[in-house]
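What follows is a single structure, written as structure tokens, with notes after it.
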Amino acid sequence: MRTTALFTIAIGLLAAPLVAQEPKPVPKDSARVSITGCSKGYVFTVGPRSVEHPGSVDVPEGMHLRMNGPKSVIADIKAHEGSAIEITGIMKKGQYGPDGVAVGGGVRVGPGPAPNGGLGISVTPRQSFIDVEAWRPVTGECRSR
């Protein structure tokens, strides 16, 4: 009886790593994306798309994303600053599509609500966020300014 119990526990412990973890469910207003680029601190700058690293969405090159995530993942990414990486995470839909006209310095001019209820102009910079789940190194370079 005791041998059977020990054998069952041993099999359970050996099989535990083989069970695949379920990925975090994606909310209806969000999407899981993979993007290639470079990081500096908590800011990820989207790099050019290529045949080797196409990414999963059409995020404009040069767009800055604020990374959120577990401290261990962010620390690993910070340790690889200056190297090209691909991050995978969850972003709200509509954050990564350009709306309006780029003016420069991360500012876009586009339609927005006016205080009197008519059509107005919005000239505020928009911060985009990504909840980072994973990352991996890729071939490529990061431009330094």
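We did not get these values from a lab; they are worked out from the coordinates using the rules stated. This one's a predicted model, so the numbers in the text were calculated from it and none came from an experiment. All Cβ positions, even for glycine, are placed from backbone atoms using ideal geometry, and neighbour counts span all protein chains on display.
In a shell of Cβ-Cβ distance under 15 Å around residue 132, excluding residue 132 itself, what net charge do Lys and Arg (+1) and Asp and Glu (-1) give? Show your work: numbers first, answer last.
Values: positive: 24, 32, 40, 66, 71, 78, 92, 136; negative: 76, 81, 86, 131, 133.
Around residue 132, the charge tally is +3.
What is the sum of charges, Lys and Arg at +1 and Asp and Glu at -1, for the other residues whose Cβ falls under 11 Å from the Cβ of residue 30? Don't skip to the end; give the middle numbers.
Numbers: positive: 24, 28, 32, 92, 93; negative: 29, 131.
Once positives and negatives cancel, what remains is +3.
Mind sorting 142, 38 by how few other Cβ atoms lie within 10 Å of their own Cβ, fewest first? Walk me through the numbers on the way to the answer.
Details: 142 16, 38 20.
Going from sparsest to densest Cβ surroundings: 142, 38.
Search the structure for amide H atoms under 5 Å from the amide H of residue 63, placed 1.01 Å from N in the peptide plane, and list their residues when 5 or more places away or on another chain.
When sequence neighbours closer than 5 places are left aside, the close amide H contacts are 46.
Under 25 Å from the Cα of residue 28, which lysines turn up, not counting those fewer than eight places away in the same chain?
Within the straight-line limit of under 25 Å, residue 28 reaches these lysines: 92, 93.
Could you please rank 29, 131, placing first whichever residue has the fewest other Cβ atoms within 10 Å of its Cβ? Walk me through the numbers before you get to the answer.
Working: 29 8, 131 15.
With the sparsest Cβ surroundings first, the list reads 29, 131.
Through the Karplus equation 6.51 cos²θ - 1.76 cosθ + 1.60, θ set to phi - 60°, convert the phi angles of the range 33-43 into ³J(HN,Hα) values in whole Hz; use x for Gly and Pro.
Ordered by residue, 3J(HN,Hα) equals 10, 10, 9, 9, x, 9, 10, 8, x, 9, 9 Hz.
Search the structure for amide H atoms under 5 Å from the amide H of residue 128, placed 1.01 Å from N in the peptide plane, and list their residues when 5 or more places away or on another chain.
Residues meeting the amide H criterion: 66.
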